[in-house]
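In what follows, a structure is listed as structure tokens, so that the remarks can point back to it.
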């Protein structure tokens with residue numbers, strides 16, 4: 001059987017599968033379906049300094065080959081996560097998670113990251129500068145290389161654990177954004193976050209989402225995500241967590257060939273709660289078909305072939 005292990009900015013993972021932020025809560029949500037210890041790791045729900053109720057309802061809309069969401073970073077706030085969620089996590093999860101951090105100022109990002117880093121359950125931080133559902137903060141940081149670098153530098157100054165910057169696809173030059181973050185000290189890049197989209201209710205003649213716009217995710221975004229991972233791999237020398245529409249082991253292998261070291265699985269978990277164990281079972285079979293002994297040998301394998 002192929003060796004599925006990968007090393008992600010110093011984190012040694014048994015396999016590259018990581019449920020994405022927003023679909024796996026703080027670890028307990030899927031206990032009725034499978035043991036989360038089979039995962040490489042998982043990314044926590046986006047956490048802010050203060051509690052957030054999120055955007056008004058409705059927050060979700062169906063789309064061809066995916067969905068729109070405008071949840072708006074609903075979370076209990078960092079202190080509640082530290083006092084309640086992460087201690088609970090340690091009762092059933094023997095590995096370290098990746099804590100997702102959001103904020104509305106450079107100082108807030110740094111402060112929240114520094115608090116989360118101190119918890120032993122956290123192995124790395126993922127800094128979300130790209131959420132398209134929040135009307136202030138996220139989009140400004142995620143679409144401006146100078147602001148993205150400022151957040152990166154501030155968080156890196158405040159913490160010692162690896163920092164991944166989660167990038168927005170809603171930009172003209174994704175590689176330039178990644179380079180700005182790398183130069184500011186990022187240990188890795190996560191991409192892509194959701195694409196900005198909307199739906200309109202024909203009867204009401206108004207947007208379906210109360211927030212008007214939302215983040216489009218699902219299989220329909222996979223080719224876009226794959227292209228951006230490929231571009232960023234050529235531009236930086238730090239590891240990439242690739243995500244966006246992954247639904248199968250074949251998608252995972254494509255992401256690795258494009259340059260990802262690990263992958264995050266998002267919306268597919270909402271469609272199929274057993275998506276991660278299914279994909280994990282598919283991977284060794286696919287690698288045997290490809291005559292691949294070590295999954296890590298695939299990373300960046302599609303480069304230099306054209």
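Quick note: the coordinates plus some simple rules give every number you see, no bench work behind them. No experiment lies behind these values; they were computed from the predicted model shown. Cβ placement follows ideal geometry from the backbone for every residue including glycine, while neighbour counts extend to all protein chains displayed.
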Query raised in the report: Of 223, 36, 56, which has the largest mean-square fluctuation in a 10 Å C-alpha GNM of the chain?
Result: 56
Report summary line: When 194, 212, 152, 143 are arranged by how many other beta-carbons sit within 10 Å of their Cβ, fewest first, they go 212, 143, 152, 194
Query - residue 34-residue 210 pseudo-label distance in nm [points 7 Å out on the Cα-to-Cβ vector] - result: 3.4 nm
Query - Within the range 157-261, percent of DSSP bridges classed antiparallel, to nearest 5 - result: 45 percent
Query raised in the report: Counting DSSP beta bridges with both partners in the chain, what percentage is antiparallel, nearest 5?
Result: 40 percent
Report summary line: Percent antiparallel among DSSP beta bridges confined to the range 36-194, nearest 5, equals 25 percent
Report summary line: Gyration tensor (Cα only) of the range 229-306 to equivalent ellipsoid, semi-axes in Å sorted down, yields 22, 16, 9
Query raised in the report: Taking neighbour counts of Cβ atoms within 10 Å as a proxy for exposure, in what order, fewest first, do 241, 11 appear?
Result: 11, 241
Query raised in the report: Put a dot 7 Å past each Cα toward the Cβ at residue 3 and residue 92; how far apart are the dots in nm?
Result: 3.2 nm
Query raised in the report: What residue among 86, 167, 270 has the largest mean-square fluctuation in a Gaussian network model of the chain, using Cα springs under 10 Å?
Result: 270
Query raised in the report: Simple spin-label model, 7 Å along Cα-to-Cβ: residue 234 to residue 272 in nm?
Result: 3.2 nm
Query raised in the report: Given the Cα-Cα distance of residue 160 and residue 202 and 0.36 nm per residue of separation, how much length would full extension add, in nm?
Result: 10.0 nm
Requested in this report: Please report how far the C-alpha centroid of the range 145-208 lies from that of the range 1-74, rounded to the nearest whole angstrom.
Outcome: 16 Å
Query raised in the report: With no solvent and one point on each alpha carbon, what is the Debye value of log10 I(q)/I(0) for the chain at q = 0.14 Å⁻¹?
Result: -1.02
**Report entry** Most mobile of 259, 54, 242 in a GNM of the chain (Cα contacts under 10 Å)
**Finding:** 54
Query - Ranked 296, 21, criterion: other C-beta atoms within 10 Å, fewest first - result: 296, 21
